[in-house]
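Q: What follows is a structure written as C-alpha cells; I'll ask about it next.
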C-alpha cells in the first residue's frame with residue numbers, strides 16, 4: 001500500500017467514525033448525495049486502502065464529511081473548509097449533518113474569524129463549530145435578533161439546563177433545554193409570552209435535531 005493511499009484510507013475512516021456512521025450508512029449517504037448507487041463494498045475498499053477513490057468521488061466524500069478534497073487526498077494537513085489564514089478560521093460549513101441528512105443553513109455567517117489559539121483554549125473542535133445569526137427576538141435580551149451565536153457541534157447531550165441550537169423547519173432555533181425533577185424536559189425562550197415553554201419526555205427530546213451547545217454570543221452595538 002502506498003503512503004498516499006494509506007493517508008486517504010485513514011482519513012476516510014477517521015471521518016466516518018467521527019460521524020458515528022457505519023460503512024453501510026456512509027455508502028447510502030453517498031448514494032443520496034450523488035443520486036447514483038454506491039455499494040458498501042466499493043466504499044469499504046477505499047477505507048481499507050485497496051483502491052483509491054476517483055476524483056469525482058473525492059469531491060463527494062469531501063462534501064459529505066465537511067472537509068476539503070485536498071485534505072482527503074493527503075495533499076495538505078489543513079482539514080478546515082473555513083481557513084482564512086493559517087491561524088484563523090471561520091465557522092461556516094457549507095452544510096451540517098442532521099437526522100434527515102445534510103442541510104444547508106441560510107443563517108450561517110462568516111463575519112467573524114476565530115483564532116486557533118482561542119479555539120484550542122476553549123477545548124473546541126474547529127471542524128465542529130457553527131456560527132449562525134439569530135433570526136428572531138425569541139431569546140432577547142440575552143441573544144438579540146441579528147446577534148452571532150457560536151455552536152459547538154460536539155456537545156449535543158443535555159446534562160443540565162443550558163442553551164442549545166435545534167433544527168426546526170430548516171433553520172436553527174436557540175432555546176434553553178432544562179431537565180426537570182419528573183424526568184421530563186422544558187424548552188424555554190426568553191420571550192415566554194410570545195414563545196411559550198414546551199414540555200417533552202426523554203423520548204421526544206431524543207427526536208430533536210440538536211446541532212450544538214451555545215459557547216459564544218456576540219453582537220454589534
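The values are calculated or read from the model by the stated rules, or taken from the named source; none is laboratory data. From a predicted model like this one, the values you see are computed outputs, not experimental measurements. Here the Cβ positions follow ideal geometry from the backbone for every residue, glycine too, while neighbour counts run over all protein chains shown.
Q: Do we have residue 97 as under 14 Å from the mean Cα position of the chain (by Cα) and not assigned by TED's automatic domain parsing to the domain that holds residue 7 here?
A: Yes: the conditions hold for residue 97.
Q: Output the number of the condition that residue 192 fails; it satisfies all remaining conditions of (1) more than 22 Å from residue 129 (Cα to Cα); (2) at pLDDT 95 or above.
A: (2)
Q: Now for a different question. Which ones in the range 83-97 are under 15 Å from residue 117 (Cα atoms) and either surrounded by fewer than 13 Cβ atoms within 10 Å (Cβ to Cβ) or at pLDDT below 80 (or both)?
A: Matches in the range 83-97: 83, 84, 85, 86, 87.
Q: Looking at 171, 184 in this structure, which one is farther than 16 Å from residue 156 by Cβ, free of Cβ contacts under 8 Å to residues at least 40 places away in the same chain and in the same structural domain as residue 133 (by TED's automatic domain parsing)?
A: So the residue among 171, 184 that is farther than 16 Å from residue 156 by Cβ, free of Cβ contacts under 8 Å to residues at least 40 places away in the same chain and in the same structural domain as residue 133 (by TED's automatic domain parsing) is 184.
Q: Filter the range 178-221 down to residues that are within 18 Å of residue 136 (Cβ to Cβ) and part of a strand (DSSP E or B), then give me how many there are.
A: 7
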